[in-house]
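Step one of this worksheet: look at the structure below.
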Amino acid sequence: MKTVLISFIGKGKKSQGESGYAKTCYGFLDGYTYETAFFGSALYNYLKEKGNTVDKWLIFGTLQSSWSEIIDTIDYDKQKEVEDLYLKMIYYEEHNGLTQECLKNLENSLRHYISEVSLIAVETTEREKYVDKLMEMIPDEDVHIVFDLTHALRHMPVIMAFSLMYVRCFKKIDNIDVYYGAFDLTKDGITPVYRIDFINELFSLTTSYELYKNSGYFPQLLNNLGIKGSEKTYFKLEMNRSPRKEINDLIGKLQKVKDDNKDKIYIKSVADEIISEFSSMNNQKTTLDERMLNKAKFFYDKKQYLIALTLIFEAILDKANRVYKLNIKEGSNYSSSLIKSKIREKLNDEEALKTFADLEHSRNSAVHGDPAIGTQNYLENQRDFEKLFAEAIKLYDMIN
């Protein structure tokens, strides 16, 4: 897995009588300390000290930022090798403001010692450049993001956080660690460093909850709540099985999550929602056609119309097979003409018969990609399809 460190660099507070950032000694929770003016240097060296290879280091700032302070990252005995460029940058910073050319020269010099570094100048009004650079520079493989939000204008970390949420849709970001060097909380000469795991927790819960709400896939959300191994239960549900015991076990585990986090409303809310859905699932009758009907409604609400159309049609056929006691078994052409003929015989209602014919034709055309002659409006107009689906539910209820 690749590690990508993302840092910000701003103008900072100047040292008295000096041109750079004011130095401080950053203290990590495990006792590691590093004195520097630029927190990104402390974090970079901390990660290396702990055996974490940084494969890319993206440093965002403006042309007015104190870029020269990155030199703190280099071993002290090697800093003299870039001293001329350092002084030139200080001159530009204090008198003229940096140029892109000067920044590129610094990047090239730094790469002799920190090969993975990239210096990215962003104007304060450039909102899209953050996400574009992330899309461009984050590798297309499993990635661990370390996000340093210490030195930046206040809006920059906000834009970066939302940019990472978007980029995660396209890149394989496994997790995000967030660090903050709290200069204003310096005490006894040590500036505390906070690892804000809560942001990663919320990030993971948000993405897995959206997946659950949009598709019904719950294992990832349960995993983020500390409940492992629910994939088999989900697969059984998808295959129209009725794993009541497994669902009850999950309800019990979710209740424990609630009890263990009774003071955390954000955990309780999502646990309550899943418990409610699981309880409703287990309290329902367990006939196959009822399960199909409920899944058809579920996918319809998620706007997955092809799945909903297929399931409602199969629910009607299976209910007819059960209610009319036709006893057609699996493997004997379930959607046989016998079931359809029986439905037509028993309905004895012109509107219901038309609904059944339109539903069957639309289902076959949608599944096989055939022309929907006479019923194309149901497959090409969402509002007409919604009316057909509502009539199909009424048709299901009429079979008794």
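At a glance:
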{"item": "Whichever residue in segment 354-396 is hydroxyl-bearing (Ser, Thr, Tyr) and part of a helix (DSSP H, G or I) and, among such residues, is nearest to LYS295 (Cα to Cα)", "result": "TYR396"}
{"item": "Helices (runs of 4 or more DSSP H) contained in segment 220-331 and holding at least 3 residues closer than 30 Å to LYS387 by Cα", "result": "265-283, 288-301, 305-323"}
{"item": "Unmet requirement for LEU347, which otherwise passes all of (1) more than 43 Å from the chain's Cα centre (by Cα); (2) open to solvent by 50 Å² or more (accessible area, probe 1.4 Å)", "result": "(2)"}
{"item": "Filtered residue count, segment 250-271, keeping only those that are touching a residue at least 12 places away in the same chain (Cβ under 8 Å) and not β-branched (Val, Ile, Thr)", "result": "7"}
{"item": "Number of the exception - ILE339 against (1) surrounded by 14 or more Cβ atoms within 10 Å (Cβ to Cβ); (2) modelled with pLDDT of 90 or more", "result": "(2)"}
{"item": "So SER362, is it open to solvent by less than 70 Å² (accessible area, probe 1.4 Å) and modelled with pLDDT under 90", "result": "no"}
{"item": "Yes/no for TYR334 being farther than 25 Å from GLU246 by Cα, touching a Lys or Arg at 6+ places or on another chain (Cβ under 8 Å) and at pLDDT below 90", "result": "no"}
{"item": "Every residue from segment 353-362 that is in contact (Cβ under 8 Å) with a residue 12 or more places away in the chain and over 15 Å from ALA320 (Cβ atoms)", "result": "ASP358, HIS361, SER362"}
{"item": "Flag if LEU202 is of a type in the set (A, V, I, L, M), at pLDDT below 95 and surrounded by fewer than 18 Cβ atoms within 10 Å (Cβ to Cβ)", "result": "yes"}
{"item": "Qualifying position, being in contact with a helix residue (DSSP H, G or I) (Cβ under 7 Å, 6 or more places away or on another chain) and open to solvent by less than 60 Å² (accessible area, probe 1.4 Å), among ILE196, ILE251", "result": "ILE251"}
{"item": "Single unsatisfied condition, THR310 versus (1) under 24 Å from the mean Cα position of the chain (by Cα); (2) open to solvent by 20 Å² or more (accessible area, probe 1.4 Å)", "result": "(1)"}
{"item": "Residue list for segment 259-274, filter: closer than 17 Å to TYR212 by Cβ and charged (D, E, K, R)", "result": "LYS268, ASP272, GLU273"}
{"item": "Among the residues listed as LEU338, LEU311, LEU347, the single one being aliphatic (A, V, I, L, M), under 18 Å from ASN400 (Cβ atoms) and without any contact (Cβ under 8 Å) to a residue 60 or more places away in the chain", "result": "LEU347"}
{"item": "LEU47 being out of contact with any helix residue (DSSP H, G or I) (no Cβ under 7 Å at 6 or more places or on another chain) and surrounded by fewer than 24 Cβ atoms within 10 Å (Cβ to Cβ)", "result": "yes"}
{"item": "Qualifying positions in segment 129-157 - under 17 Å from GLU201 (Cα atoms) and within 17 Å of the chain's Cα centre (by Cα)", "result": "VAL143, HIS144, ILE145, VAL146, PHE147"}
{"item": "Strands (runs of 3 or more DSSP E) contained in segment 101-188 and holding at least 3 residues crowded, with 16+ Cβ neighbours inside 10 Å and not hydrophobic (A, V, I, L, M, F, W, C)", "result": "173-181"}
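Here's the yes/no breakdown for (1) farther than 26 Å from GLU123 by Cβ; (2) of a type outside the set (Phe, Trp, Tyr):
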position: VAL143; (1), (2): yes, yes
position: ARG154; (1), (2): no, yes
position: PRO157; (1), (2): no, yes
position: ASP184; (1), (2): yes, yes
position: ASN200; (1), (2): yes, yes
position: TYR209; (1), (2): yes, no
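The values are calculated or read from the model by the stated rules, or taken from the named source; none is laboratory data. Just so it is clear, the structure is predicted and the values come from calculations on it, not from any experiment. Note that we place each Cβ from the backbone using ideal geometry, even for glycine, and neighbour counts take in every protein chain shown. SASA here: full protein model, heavy atoms, side chains in, ligands and nucleic acids out. Shrake-Rupley method; radii C 1.70, N 1.55, O 1.52, S 1.80 Å.
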